[in-house]
Each structure stands twice: as C-alpha cells, then as structure tokens.
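Step one of this worksheet: look at the structure below.
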Amino acid sequence: MAGALNIFKTVTANVTTTPTSVYATPLGYSTVVLMCQLTNITASTTVDTSAFLVRAGNTGGNVTLVQNASVPANDAYSPLTGRLIMTPGDTFQVSATANSSIQMTLSVLETLTG
C-alpha cells in the first residue's frame with residue numbers, strides 16, 4: 001500500500017542550547033515548510049535563537065536560515081519569510097542561547113514523490 005499523497009503536520013519542540021534536529025523529511029517524500037515560529041516564553045529575558053537546514057548527506061552544505069536572532073521576552077520570531085523546500089533526509093535544526101526559553105512551532109506539508 002502506498003503512502004498518503006499529502007500530509008500536513010505540526011511539529012513542536014522546546015529549544016535547547018545545542019543545535020537539535022526537530023524535523024527530518026522522510027524517504028519518499030519532499031517537504032514544504034509552511035511556517036516556523038520561535039516563541040520566547042520567558043517573562044523578562046531576551047533570548048537569541050538560530051535555525052538551520054541540514055542537507056541530506058551534507059550535499060551543498062548546511063544552510064543557516066537565521067543566526068542569533070534576538071527574541072524579546074513574551075514575543076515571537078519567524079526565521080522564514082517564505083516557504084522552504086526540503087528533500088528526503090534533510091533536517092531542520094534549531095538552537096537558543098538559553099534552555100527552556102524558546103518554544104518552536106513548525107508547520108509542514110509532506111508530499112509523496114514516488
């Protein structure tokens with residue numbers, strides 16, 4: 001039985017100081033990242049955050065989407081101004097300058113390629 005043609009997903013994560021893969025495009029699919037929001041949940045501290053596209057097998061190298069963007073307390077930031085296309089095995093990574101301060105929401109559309 002073949003997989004679903006189109007799958008919408010919402011991925012959430014608590015961001016840490018170590019760059020962490022929060023989403024990977026599954027084999028047989030391509031992914032369109034529709035939206036990414038990084039929310040600072042602290043009451044009084046600005047936190048810097050970074051987001052990266054890590055290419056499968058490191059082909060073409062890693063892509064920095066944003067590096068050390070400051071997110072004020074109780075505010076949010078979107079590192080994408082448009083859509084991002086990911087191929088099978090690509091991963092989306094995020095990090096922050098403080099643990100348990102940034103929450104990420106990622107909305108994606110996976111499309112069957114085979």
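The values are calculated or read from the model by the stated rules, or taken from the named source; none is laboratory data. None of these values were measured; they are calculated from a predicted model. Positions of Cβ are backbone-derived with ideal geometry, glycine not excepted, and every protein chain shown enters the neighbour counts. Heavy atoms of the whole protein, side chains included, go into the accessibility calculation; ligands, DNA and RNA do not. Shrake-Rupley method; radii C 1.70, N 1.55, O 1.52, S 1.80 Å.
Data for the structure
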item: Separation of the Arg55 and Thr111 label points, Cα + 7 Å toward Cβ, nm; result: 2.1 nm
item: Percent carbon-and-sulfur accessible area, the stretch 39-103, ignoring ligands, DNA and RNA, probe 1.4 Å; result: 47 percent
item: Accessible area per residue in Å² at 1.4 Å probe, computed on the stretch 24-114; result: 46 Å²
item: Computed over the chain, Cα set: Rg, Dmax in Å; result: 14.5, 52
item: Charge context of Met86, other residues only, Cβ under 15 angstrom, K/R +1, D/E -1; result: +1
item: For the stretch 43-96, fraction of C-alpha pairs farther apart than 18 Å, in %; result: 39 percent
item: Residue-wise HN-Hα coupling along the stretch 100-112, computed from phi with Karplus coefficients 6.51, -1.76, 1.60 (Hz; x: Gly, Pro); result: 6, 10, 10, 10, 10, 10, 10, 10, 10, 10, 9, 10, 4
item: Heavy-atom SASA rank of Tyr77, Tyr29 (probe 1.4 Å, accessible area, largest first); result: Tyr77, Tyr29
item: Spherically averaged projected area in nm², based on the convex hull that wraps the Cα atoms of the stretch 1-48; result: 4.8 nm²
item: Ser50, Ser30, reordered so the largest accessible area comes first (probe 1.4 Å); result: Ser30, Ser50
item: Full-stretch length increase - Ala73, Ala98 - with 0.36 nm per residue and alpha-carbon distance subtracted; result: 7.8 nm
